[in-house]
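Report on the structure given below.
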Amino acid sequence: MEQAITLDVRKRAGKFSRPVELDLLRRGEKGNVPLTVCITKDGAPYDLTGKEVYLRSKTSRGRVVFDDIESGIAVVNAKGGVVSHTLPPGFASEPGAMIGYYEIRQGDFFLDTTESFTASVVHDIDLSAEAAADYI
């Protein structure tokens with residue numbers, strides 16, 4: 001279920017502005033949500049040459065999601081502002097609305113963040129042995 005989204009570094013506020021929303025996720029989904037993100041600045045591609053991009057997100061219960069993505073996300077088109085990665089497993093660990101954004105750095109220097117995106121994580125079916133006994 002690959003997705004492509006565009007996020008701007010200009011964070012607009014107002015009653016008509018809404019975060020970009022990802023497709024619905026099921027709790028526990030992992031490794032199957034490749035995401036391509038075009039980062040823009042006032043609608044124009046954000047030049048990511050020599051920069052690193054990091055995912056910052058938290059679950060519906062406020063738990064911060066960390067993963068090996070901490071080492072940075074692949075920049076696939078620096079001049080076009082395009083990055084690509086697979087959402088970390090913790091991203092869909094709890095049902096409810098989760099939120100995330102991207103942080104842009106150059107070395108140790110913080111440069112910018114994108115607007116936020118959200119995803120609705122729905123319950124899964126408990127396939128534990130105890131729940132399976134109901135079926136048998």
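The values are calculated or read from the model by the stated rules, or taken from the named source; none is laboratory data. As the structure is a computational prediction, the values presented were derived from the model and not from experiment. As a convention, Cβ positions derive from the backbone with ideal geometry for all residues, glycine included, and neighbour counts pool all protein chains shown. The protein model used for the area step is the full one, side chains on, heavy atoms only, and it has no ligands, DNA or RNA in it. Shrake-Rupley method; radii C 1.70, N 1.55, O 1.52, S 1.80 Å.
Residues checked against (1) within 23 Å of Phe109 (Cβ to Cβ); (2) open to solvent by 70 Å² or more (accessible area, probe 1.4 Å); (3) modelled with pLDDT of 75 or more; (4) in contact with a Leu (Cβ under 6 Å, 6 or more places away or on another chain):
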{"position": "Ile5", "(1), (2), (3), (4)": "no, no, yes, no"}
{"position": "Leu55", "(1), (2), (3), (4)": "yes, no, yes, no"}
{"position": "Ser60", "(1), (2), (3), (4)": "no, no, yes, no"}
{"position": "Glu70", "(1), (2), (3), (4)": "yes, yes, no, no"}
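Mind listing just one residue for me: the one in segment 75-107 that is free of Cβ contacts under 8 Å to residues at least 40 places away in the same chain and closer than 21 Å to Val64 by Cα and, of those, surrounded by the most Cβ atoms within 10 Å (Cβ to Cβ)? Within segment 75-107, the match that is surrounded by the most Cβ atoms within 10 Å (Cβ to Cβ) is Gly90.
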